[in-house]
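Working notes, structure below.
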Amino acid sequence: MEHYDVIVVGTGEGGSGVATRCAKAGLRVAVIDDEPYGGTCALRGCDPKRVLVGGSELVDWHRRMLGHGVSGDTRLDWSALMTFKRAFTEPVPQRRETAFKKLGIATYHGVGRFSSPDQFAADGKELTANFFVIASGARPATLGIAGEEHLKTSTDFLDLDLLPRRIVLVGAGYIAFEFAHIAARAGAEVVVFSRGRPLKQFDSDLVSRLVDHTRILKVDVKLDSPVQGVERVGSEFRVKFRGPTGEESVSTDIVVHAAGRVPKTGELDLAGANVETDQRGAIRVNDWLQSVTNPKVYAAGDAVASPGARALTPVAAHQSAIVASNLLHGNRKTPDYRGIPSVVFTTPCLAGVGLTEEEARSKGLRIRVKSEDTRNWFSNRRVCEMAGMYKAILEEQSGRVLGAHLLGPQAEEVINLFVLAIRHQLTDRDLSHAIYAYPTSGSDVPYML
Ligand SMILES: Cc1cc2nc3c(=O)[nH]c(=O)nc-3n(C[C@H](O)[C@H](O)[C@H](O)COP(=O)(O)OP(=O)(O)OC[C@H]3O[C@@H](n4cnc5c(N)ncnc54)[C@H](O)[C@@H]3O)c2cc1C
């Protein structure tokens, strides 16, 4: 039976950092993954998605500028774009495994699970370890609708060789909006189904603008329309939903699950290892990201239930560093979740950090809200972008930045200025008195405040 200091489940952002840091510090480390090495972000999430977004935003910019000094035709060549995307994703598994091996990390493949509280079955072998780190990520939530087996996953969408003519997205979170923008600009007819409020975590006024803008792209955003079931009819699918006027249906070539993800912990037999989870399957941890019921187990990334965290790559990386430090030096470090930004990579992007106006008001905070339509600001007009709005939430007395929400060109970059403001408790005056490179979207910040 092989023995390790640390066994890490998952080779994404949550697992890789712990494994690497512990191995560099001289510990005996093993990793295991049931998917190719590299994790969701690099292989099936953020990175491949942003490559596709890159193509679609160029097409959009070109179309917006027609008649303003730009002419001709630009269109997306889906299969060539897919080849370009694969140039990013395909080298990752080999590169990551080689990097692990160079550090002396033992690499296992397949589904791993606890066979007792301190024993783990991996790749047909029984392993023991002083500590285990669960960084097993997330999977699409089970929806419990008829015909669920017909749904494709986000992973399938990001690897489509051909783009179907008609696409239905079930769910209205950030993945649904991002995929809708990509597919619509590539020429598909897209329907998005929202059960409750779309993009719940973002400011509702900016979300309304984004929904309107998405509809201008001819994406059919169906609000308050829960999907009830999917039926195969010959070579197409019929999606049944409850619309405002009762039961309705649409026909489509593909139905994509974009209705949320839950921790992928079901196959680990956590109960057998005395590792408690919440009702979603996320591992309950203390402030040091250590299981509340089994001190030999730590957790990081999408699989952890840590108050204030979000299921995002930089959060997984942050937790990974905290877990590594606690393993190496004892429980000293706790995560700091202040000011986690979140971006919807539509064109233009919607970005937010800190409190929304609704959250600040429901907490009873005394706030000042600065908000404006920015469609006529230079940063928008220069690129003929018709969607633009911001909202900044400031503490009334001090002017401290509590939240910022942006829709418009470079929102995904400008939000990082507000991240620093929140982390370092800067005020509207601090941000306004800085001298920014001009003319940039960052130089709009003093005008916003
Ligand atoms: C389509 C999409 C787009 C996204 N876009 C963004 C974005 O733009 N920005 C952002 O910040 N975040 C984004 N995310 C979220 C981000 O990808 C995740 O938060 C992040 O990858 C989580 O990392 P992780 O290490 O926790 O899990 P993962 O990277 O998922 O790694 C976990 C690995 O463990 C494996 N595993 C699970 N159980 C077992 C087992 N029993 N045995 C062996 N292996 C197992 C899994 O199969 C997986 O390979 C996106 C996610 C998706 C799906």
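Tabulated results
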| read-out | value |
| --- | --- |
| Total residues in segment 415-441, condition in contact with a strand residue (DSSP E or B) (Cβ under 8 Å, 6 or more places away or on another chain) and over 18 Å from Val369 (Cα atoms) | 1 |
| Residue within segment 65-73 that is over 16 Å from Phe157 (Cβ atoms), outside any loop (DSSP other than H, G, I, E, B) and within 16 Å of the ligand (Cβ to nearest atom) present | no |
| Tally of residues being away from the ligand (no atom under 15 Å from the Cβ) and on the phi > 0 side of the Ramachandran plot across segment 2-44 | 1 |
| Which numbered condition Ala172 misses (of (1) of a type in the set (A, V, I, L, M, F, W, C); (2) surrounded by fewer than 18 Cβ atoms within 10 Å (Cβ to Cβ); (3) under 30 Å from Gly339 (Cα atoms)) | (2) |
| Number of the exception - Asp123 against (1) within 15 Å of the ligand (Cβ to nearest atom); (2) at pLDDT 95 or above | (2) |
| Identity of the residue in segment 249-272, hydrophobic (A, V, I, L, M, F, W, C) and part of a loop (DSSP other than H, G, I, E, B), that ends up surrounded by the fewest Cβ atoms within 10 Å (Cβ to Cβ) | Ala259 |
| Residue in segment 108-117 that is in contact (Cβ under 8 Å) with a residue 40 or more places away in the chain, open to solvent by 50 Å² or more (accessible area, probe 1.4 Å) and aliphatic (A, V, I, L, M) present | yes |
| Test: residue in segment 15-22 that is polar (S, T, N, Q), open to solvent by less than 20 Å² (accessible area, probe 1.4 Å) and not in a helix (DSSP H, G or I) | no |
| Where Ala121 falls short, out of the listed (1) open to solvent by 30 Å² or more (accessible area, probe 1.4 Å); (2) free of Cβ contacts under 8 Å to residues at least 12 places away in the same chain | (1) |
| Failed condition for Ser115, given (1) under 26 Å from Asp34 (Cβ atoms); (2) in a helix (DSSP H, G or I) | (2) |
| Members of segment 172-191 that are under 19 Å from Ala387 (Cα atoms), under 13 Å from the mean Cα position of the chain (by Cα) and not small (Gly, Ala, Ser) | Tyr174, Phe177, Glu178, Phe179 |
| Members of segment 221-237 found to be more than 11 Å from Ser194 (Cα to Cα) and in a strand (DSSP E or B), listed by number | Gln228, Gly229, Val230, Glu231, Arg232, Val233, Glu236, Phe237 |
| Test result for Leu81, open to solvent by less than 90 Å² (accessible area, probe 1.4 Å) and either part of a loop (DSSP other than H, G, I, E, B) or modelled with pLDDT under 95 (or both) | no |
| Segment 290-324 - residue that is more than 9 Å from the ligand (Cβ to nearest atom), over 18 Å from Arg280 (Cα atoms) and without any contact (Cβ under 8 Å) to a residue 40 or more places away in the chain and, of those, most open to solvent (accessible area, probe 1.4 Å) | Pro295 |
| Residue ID - nearest to Trp288 (Cα to Cα), chosen from residues in segment 124-152 that are assigned to a loop (DSSP other than H, G, I, E, B) and open to solvent by less than 40 Å² (accessible area, probe 1.4 Å) | Ala135 |
| Count of residues meeting criterion [farther than 22 Å from Gly12 by Cα and of a type outside the set (S, T, N, Q)] in segment 85-117 | 1 |
| Selection status of Leu350, farther than 17 Å from Gly137 by Cβ, touching a Phe, Trp or Tyr at 6+ places or on another chain (Cβ under 8 Å) and not aromatic (Phe, Trp, Tyr) | yes |
| Selection count, segment 398-449, where residues are open to solvent by 20 Å² or more (accessible area, probe 1.4 Å), more than 19 Å from Asp336 (Cβ to Cβ) and under 19 Å from the mean Cα position of the chain (by Cα) | 3 |
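Residues are listed down the side, and each one gets a yes or a no for (1) within 29 Å of His257 (Cβ to Cβ); (2) open to solvent by less than 50 Å² (accessible area, probe 1.4 Å):
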position	(1), (2)
Asp33	yes, yes
Pro36	yes, no
Gly45	yes, yes
Pro48	yes, yes
His62	no, yes
Ser71	no, no
Thr89	yes, yes
Val92	yes, yes
Phe100	no, yes
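Okay, residues lined up against (1) closer than 20 Å to Lys296 by Cα; (2) within 13 Å of the ligand (Cβ to nearest atom):
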{"site": "Glu97", "(1), (2)": "no, yes"}
{"site": "Lys102", "(1), (2)": "no, no"}
{"site": "Leu127", "(1), (2)": "yes, yes"}
{"site": "Ala141", "(1), (2)": "no, yes"}
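The values are calculated or read from the model by the stated rules, or taken from the named source; none is laboratory data. On a predicted model such as this, the values are computed, not experimentally measured, just so you know. Backbone-built Cβ (ideal geometry, glycine too); neighbour counts: all protein chains shown. The area values use the complete protein model at the heavy-atom level, side chains included, leaving out ligands, DNA and RNA. Shrake-Rupley method; radii C 1.70, N 1.55, O 1.52, S 1.80 Å.
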